[in-house]
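The values are calculated or read from the model by the stated rules, or taken from the named source; none is laboratory data. Small disclaimer: the values here were computed from a predicted structure and weren't measured. As a convention, Cβ positions derive from the backbone with ideal geometry for all residues, glycine included, and neighbour counts pool all protein chains shown. Areas reflect the complete protein model, heavy atoms only, side chains present, ligands, DNA and RNA absent. Shrake-Rupley method; radii C 1.70, N 1.55, O 1.52, S 1.80 Å.
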Amino acid sequence: MDWYIFVYPVILLAIVLVFVMYAIYFERKVIGWIQLRKGPTETGPKGLFQSAADVFKLLIKEDIIPSKADRPLFKLAPILAYVPAFSVLAVIPFTDAPYLKFSNVAVGLMYYLALSSITVMGVLLGGWASNNKYSLLGGMRAGAQMISYEIPLVLSVVGVVMSAGSLNLTEIVETQIAGAWNVFPQFLGFVVFIIAAIAELNRTPFDLPEAESELVAGYHTEYTGFRFAFFMLAEYTYVFAMASLITILFFGGWDAPFGLTFIPPLVWFILKFCCFVFLLFWLRATFPRLRGDQLMEFAWKGLLPLAIINIFVSALLKEVPFLSQYF
Amino acid sequence: MLGLFKGMGITLKNMTKPKVTLGYPHEPIKMPDRFRGIQHFDPEKCIVCNQCARICPTNCISLTGKKHPDPNKRGKIINTYDINFEICILCDLCTEVCPTEAIIMTNRYELATYSREALLKDMKWLHANDQMIRQDNISSKPKRGGK
Amino acid sequence: MLRTEEMVLNLGPQHPSMHGVLRLVVKIDGEIIREIEPVVGYLHRGTEKLAEDLNYTQIIPYTDRLDYLSSMTNNYVVCHATETLMGLEIPEKAEYLRVIVMEMNRVASHLLWLGTFLLDVGALTPFLYCFRDREQILSMFNELCGARLTYNYMRVGGVKWDAPAGWLDKVKNFADYMINEIQNYHELISGNEIFLQRTKGIGVITKEMALSYSLSGANIRCTGIDWDLRKKQPYSVYDRFDFKVPLGKTGDLLDKYHCRMDEMVEAMKIVKQAVEGFPEGGATMGKVPRVLRVPEGEVYVGVESPRGELGCHIVSKGKDKPWRIKFRRPSFYNLQVAKELLVGQNIANLVAILGSIDIVLGEVDG
């Protein structure tokens, strides 16, 4: 047992918190620019402290629990939503440097996908325990959506796993460094994965569980103060985790393209990561929301067959000479 | 799928376009001359004809007159003149009927206060409200034709 | 068999997409609506009753507040009714100004509809673009009559202000800009597959429904029934302009959307024609007696407001105040169809369908 086993997670948590604050700031700015607005400008220079002020406000707010709510579950729900969101970060390798890897688990990808599906329990519980009809509907939608999209999400990465021959995220990156970025040979898998990932993150156009124009605020309608902050934190931590995962699975992690190795690997990682985060914000600013039944139909009739086709095609091409080096 | 990408192209293009946000509390908004803001009242000009109080759709104007102090002159002069900005809808009818332009609109639009009483503006306040007075007043022009 | 229970959900009067203070008592089974009961009246101010105590000029600012998104049309309908009853002659210049502002107001109103409708289906950005363009119209109105929403611009016998210097050029430029800008909206929205999924075949109004519920405006035109009062009962100087009435085919949300988008283009074409044919000289007020005494009688006039047939029925007993005034408020009539449209839909469709009807609660509640 070394001391850094305890210190590094704390540092990571701090980094995640800062990321969440500035992701929210960046999101508001980007969407503001797209909508011909300026975004936050008031708190701090260029509004840089806006999110910090918001978080501070949430922390000092009165904690309100509706009298008819199921108190233990109501309190448990945000924790249940956040803990897996943070735990999945343990297996993410940010670079090949050993001090930026927390645990090099052999089944890293499996661990990530398995743990991340616990969050929906928190969301569902929160929606149910609030004893609010909008929350209930939001929780129900979240449950249905997560179950549907988990399957294409998992199936779409099977191709990646097959080509790497491993579930270890570091090894997946190393295979890509040796061969090609997975986004090219596994393009179909990538498309399925990115759609399913957005759905998993509950972001536009799949933001049904918190559809503002329909359900007020969805599952967290009744949450205030720091409990609400935890739900938001979980949501943005997943953005962090999912952006990292996509970078690792499909964009070669810290691999420098075009031989631009003088830029440090960590910077490459962050660049790729930011592109995906920006894409999320951009989609949010552009698209309307899908309807629940269309969402299900899309998952089961569209994405699922595509993901399966992707597996078959990858398996087939693995046997083709020459092409096999990419699969 | 093409439609989705087209839309994304439009939003991306708009990202670099000039922003339309106004810096309102920091920089005041300049209203056009005809803007109907808080009225300015000039007691000198008022002839206590009571037309403004009568035309007001919400009855927010109340005024009283008194005899002219100079016994040689006929007519009345204004004694009190109050506008209740709780219910005034700034419809411009009072300034329209005023024959002497004693009451005219200004370009001021900020009326928020902390108490209801503060919204009851009296003659003194309205007289002091003499900034940004509307130049293009309809009553200076020939009145509507007819009898 | 799983035991399920229906649940009563109160949507509104405070709800992000109730467009004001409409309340819907909805009985839902899962997300499917089984019963629905709209409750109106939260914004009732009794304009019709108040108007009985006001003289005709004083009524005009009250009509600003009925359908507060198209006050110009409301101004016009009460002036037009009074003028018809009195048999007044309106100067040509005033008529042209009226048409220009009414059509611009139609565009402003449709833009707001477009923005909020897309918010209802979940798209955030078009709302801001619509507001950017609507803002230009409002600031032009501000220059013209000194207010951005409650214009109080028209008077019995004409209009209050002549166009300020350079205003008409601005209007013309805006019309050109707007026709071009609508293409951008089409590119952003009309081709979007998610938007098409959300609107195609949803909330279909049949011709029979449209007629039996006495719908008007885009709600009837989307079914293919050609009913536009500007064409059918021309008022003002509309008969001098060349414009088309866009019609739908199936009566679903997409058709309504296209009807309104095309109406904006047509409205801008009318504005352009009106600016070109704008009379140089002349007064903005006709010959009107100082005190408006309307002869005894009754009159009903209907005009095409952005939401449909806006009517005004005045009964006069020869006084300076109406004995009874009644507005046919199109939103109120159009809202009635909601009950039939919404049963069997889910919550997401409810919001979209309700948004597509385009109600303004100030008008529904009167």
Select from B:A128, B:A112, B:A102 the residue whose mean-square fluctuation is largest in a Gaussian network model of chain B (Cα-Cα springs shorter than 10 Å).
B:A112
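With r defined as the distance between the Cβ atoms of A:L59 and A:F312 and R0 fixed at 51 Å, what FRET efficiency is calculated, to the nearest 0.05?
Details: r = 51 Å, r/R0 = 1.00.
Efficiency for this residue pair is about 0.50.
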With a 1.4 Å probe and all protein chains left in place, how much accessible area per residue does region C:56-360 have, in Å²?
31 Å²
Label-point separation in nm, B:H68 to C:D226, each point 7 Å along Cα→Cβ:
6.8 nm
I'd like the residues of region B:7-23 whose 1.4 Å-probe accessible area shrinks by no less than 30 Å² going from the isolated chain to the full set of protein chains.
B:G7, B:M8, B:I10, B:T11, B:L12, B:N14, B:M15, B:K19, B:V20, B:T21
Gaussian network model of chain A, Cα springs within a sub-10 Å range: biggest mean-square fluctuation belongs to which of A:F269, A:F231, A:F184?
A:F184
Note to self: with every protein chain in place and a 1.4 Å probe, chain B gives an accessible area per residue in Å² of 60 Å²
Checking an interface number: how much accessible area is buried between B and C, summed over both chains, with a 1.4 Å probe, in Å² rounded to 100?
3000 Å²
With heavy atoms of protein chains only and a 1.4 Å probe, what residues of region C:125-174 have at least 30 Å² less accessible area in the full set of chains than alone?
C:T125, C:L128, C:Y129, C:R132, C:N142, C:E143, C:G146, C:N152, C:R155, C:K160, C:W161
Need one value: the accessible area of A:L17 in square angstrom, 1.4 angstrom probe, rounded to the nearest 10.
70 Å²
Average accessible area per residue (Å²) across chain A - probe 1.4 Å, nucleic acids and ligands excluded
43 Å²
Can you grab the distance from the C-alpha centre of region C:1-40 to the C-alpha centre of region C:127-152, Å, no decimals?
35 Å
Using a 7 Å offset from the Cα along the Cα-to-Cβ direction at both A:N131 and A:T43, what is the distance between the two label points in nm, to one decimal?
3.2 nm
Inter-centroid distance (Cα atoms) of region A:113-147 relative to region A:251-276, Å:
35 Å
Given the rule -39500 (n - 2.57) for each run of at least 4 DSSP H residues, summed and divided by the residues of the protein assembly as shown, what is its mean residue ellipticity at 222 nm, to the nearest 500 deg cm²/dmol?
-15500 deg cm²/dmol
What distance in nm separates the two pseudo spin-label positions at B:Q135 and B:K30, each 7 Å out from Cα along the beta-carbon direction?
1.2 nm
FRET E, pair A:I147, A:L76, Förster distance 22 Å, beta-carbon r, rounded to 0.05:
0.60
Just for the Cα atoms in region C:135-264, what are the lengths along the principal axes, largest first, rounded to whole Å?
48, 34, 27
In a Gaussian network model of chain C with springs linking alpha carbons closer than 10 Å, the residue among C:M154, C:M209, C:M102 that fluctuates most is C:M209
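Within 10 Å of each Cβ of A:215-221, how many other protein chain Cβ atoms are there on average?
Across the residues of A:215-221, the mean count of other-chain Cβ atoms within 10 Å is 2.
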Using Cα pairs closer than 8 Å and at least 6 residues apart in sequence, work out the relative contact order for chain B, in percent.
29 percent
Of B:K19/C:K269; A:K38/B:K17; C:K172/C:K244, which ones are farther than 21 Å apart at the Cα?
B:K19/C:K269
In terms of solvent-accessible area of protein heavy atoms at a 1.4 angstrom probe, what is the ranking of A:F190, A:F228, highest value first?
A:F228, A:F190
Restricting to Cα pairs under 8 Å and 6 or more apart, the percent relative contact order of region C:56-360 works out to 25 percent
Chain pair A, B: total accessible area buried, heavy atoms, 1.4 Å probe, Å²:
1300 Å²
By how many nm would the segment from C:L211 to C:R3 lengthen if fully extended, with 0.36 nm per residue of separation less the alpha-carbon distance?
70.8 nm
Working only with C-alpha atoms, what are the Rg and Dmax values of region A:64-324, expressed in angstrom?
19.0, 67
Could you work out how far the C-alpha centroid of region C:211-271 sits from that of region C:163-197, in angstrom?
18 Å
Report the paramagnetic label zone for C:W323: residues of region C:283-313 whose backbone N is under 20 Å from a point 7 Å from Cα along the Cα-to-Cβ axis.
C:292-301, C:312-313
Heavy-atom accessible area order for C:K256, C:K207, largest first, 1.4 Å probe:
C:K207, C:K256
Rank these by accessible area, largest first, 1.4 Å probe: A:W268, C:W113.
A:W268, C:W113
Which of the lysines could be linked to A:K68 by a straight reach, that is with a Cα gap under 22 Å, when you skip same-chain ones fewer than 8 residues away?
A:K133, C:K27
Chain pair A, C: total accessible area buried, heavy atoms, 1.4 Å probe, Å²:
2500 Å²
Take the Cβ-Cβ distance between C:K287 and C:E37 as r, set R0 to 60 Å, and report the resulting FRET efficiency rounded to the nearest 0.05.
0.70
Normalised contact order of region A:28-95, rounded percent, pairs of Cα under 8 Å and 6 or more residues apart:
12 percent
